[in-house]
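Reviewing the structure listed below.
What follows draws every value from the coordinates through simple rules; no lab data is involved. Bear in mind that the values here come from a model prediction, so they are computed numbers and not experimental data. Positions of Cβ are backbone-derived with ideal geometry, glycine not excepted, and every protein chain shown enters the neighbour counts.
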Amino acid sequence: MSTYDRSMALTGEPPKALNLQQKLATFIGVTGLGILTLAVFNVYFPNKAFWLTISLVAISAGIVWFSVAAYAQKHKGIKNDGVMFKSISSRGFWGWIAGILLTGFYIVLYFYPQYLGLVKEGDNTGVIALFDPLSKLLSGNSASQWFVYGTLYTIAILAFGIKFLWKYRHNSYEKIRTLSVMFFQTSFAFLIPEFMARLNSDTFSLPYYDLKNIWPLNYYNFERYRVNSFIDAGDIGLALLIFGILSIFVITPILTYKYGKRWYCSWVCGCGGLAETAGDPFRHLSDKSQFAWKVERWVVHSVVVFVTLMTTAVVYSYLGDDTSKYWLTKTSFLISVAVILTLVFAWVMIYKREQLQKDAQYGAVGYFVIIMALVSFHFFSGDGNVFLFKAETLRTTYAFLIGSIFSGVIGTGFYPIFGNRVWCRFGCPMAAILGFQQRLFSKFRITTNGGQCISCGNCSTYCEMGIDVRAYAQKGTNIVRSSCVGCGICSAVCPRGVLKLENGPLEGRIDSKEVLLGNDVDLMDLVNNK
């Protein structure tokens, strides 16, 4: 009896099951994870270097083989076949199981590393001991839970990055930026800091430094022990300290002006790299509601205020009052912070006020008043205090709530539940600061051709930042949003070429909105004026 397709859907049927190659690839990848799981439960591996190599190679090979089997035989183009029907990518049973397992892993990693085998005095055990040979090869030191995490993090970005490259192989922009995050994670975040640690000795020491992490992501960079370590390391340490300061006030604003926040969030950042590669199957789960957008704005900018106060308090705590010993005293430092914040606030309110909605203006005024009031309170804080709190209290609170719970446990553990950019949307202070710059003075924008839009909704569905891109496309309005990370997926999934990521000048452009609305536009005049 012949069979025929009863479905009238133009998109075809979602895949019913994994093919044989995908099943074999899954088995190999799970085998690699199984070795790590056995190590967690203290199963003894006599040749740790050999078994670690087998495990990492099996995990990587399984992911890459699975990706090739999934996309190699398909035509070029975005293939989100069945993503809404699969349990793991549609908040189904396996999605919740994955979320629980990831969340549990992060809780153990941050708060109970002893269960992974970390031993403060003596030889490591468990899965951390399994990574000792690799750690000693790179840095000369025994492994820690952070080395284990960094290794697995890098493997995930590299292996799932290859999957991403296969899936989006028709799009040059997606390929280049994926190769970029793979490079920066492997070199700047993983290998270079380990090699720097190997150079340390009794007479020369540099702190662990991920060169692509900029304040406020590396909120710890201006703590006393790190500043002292930079200074004690001589010219190299001083250069790194100056580089960290220039990154905040010079490098970041210039690059954001030219390219938007995508230069960091989608091309360099490790958090964004993991979200784009391993988190790609979950991008459609981001909340697109207006309520989520309102919560996002208040929460992420509150984190920025928190980290600014915390960093100010930490630096303030180790400065002195004697002008003959310190070129930067406690009082002069707080005055400098107040002046910088006042200048930024005044510039926004005088020259960029029309770009902020009314509630954003009220919020900016409120935050500015709070910060200035707390800065002025330092005269009444008592010895060792600032903002009426001890600096260490602010530091530990921020490290626990934001550095651990938000960025790790929730930010990555909740991929299968809330989408792949939870941390970037709601908690990352770096994304918020870059978004502020992007919204107010960046050349970057996503241009739209509303006349070509067929309202399919692909752009909004797969926007990981919860932006209703289709609403802009329908109106033919350029997209300039502080939350947009410039991943370009909205443009890649558009079947009509409506969206385009641009940095170029606006002069000589045809206003698609005027044409769409039927206004009297002399197109030849516009062409001749180019």
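A compact table of results
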| quantity | calculated |
| --- | --- |
| Residue-by-residue Karplus 3J(HN,Hα) for region 169-177, coefficients 6.51, -1.76, 1.60, Hz, glycine and proline x | 5, 7, 10, 5, 4, 5, 5, 5, 5 |
| Sequence of Trp267, Trp65, Trp327, Trp94 once ranked by neighbouring C-beta atoms within 10 Å, starting from the fewest | Trp327, Trp94, Trp65, Trp267 |
| No Cys partner within the rule (Cβ under 4.7 Å), the chain | Cys265, Cys269, Cys271, Cys424, Cys428, Cys453, Cys456, Cys463, Cys484, Cys487, Cys494 |
| In nm, spacing of pseudo-spin labels at Phe441 and Asn141 (7 Å Cα→C-beta vector) | 3.9 nm |
| Set of region 423-438 residues, backbone N closer than 17 Å to the point 7 Å along the Cα-Cβ line of Ser289 | 426 |
| Expected 222 nm ellipticity per residue - DSSP helices of 4 or more, -39500 (n - 2.57), all of the chain, to 500 | -16500 deg cm²/dmol |
| Gln452/Ala373 FRET efficiency (R0 51 Å; Cβ-Cβ; nearest 0.05) | 0.50 |
| Note, ³J(HN,Hα) from phi for region 210-218, Karplus 6.51, -1.76, 1.60, rounded to Hz, x at Gly and Pro | 7, 4, 8, 8, 10, 4, x, 5, 8 |
| Thr37/Ala399 FRET efficiency (R0 51 Å; Cβ-Cβ; nearest 0.05) | 0.95 |
| Formal net charge of residues neighbouring Leu274 (Cβ-Cβ distance under 15 Å; K, R +1; D, E -1) | +2 |
| Two-site label geometry, Ala72 and Ala346: point separation in nm, points 7 Å out along Cα→Cβ | 6.4 nm |
| Average projection area in nm² (convex hull over Cα atoms of the chain, one quarter of hull surface) | 31.0 nm² |
| Burial ranking of peptide ranges 185-192, 367-374 (average Cβ count within 10 Å, highest at the top) | 185-192, 367-374 |
| At R0 = 41 Å, FRET efficiency that the Cβ-Cβ distance of Phe333 and Ser205 yields, to 0.05 | 0.95 |
| For region 31-46, Karplus couplings with θ = phi - 60° (6.51, -1.76, 1.60), whole Hz, Gly/Pro x | 4, x, 5, x, 4, 5, 5, 4, 5, 4, 8, 6, 5, 7, 10, x |
| Computed over region 384-497: relative contact order in percent, which uses C-alpha pairs under 8 Å that are six or more apart | 22 percent |
| Residues with amide H under 5 Å from that of Lys500, placed H, sequence gap 5 or more | Thr447 |
| Sequence ranges 421-430, 48-57, 257-266, ranked by mean other-Cβ count within 10 angstrom, highest first | 421-430, 257-266, 48-57 |
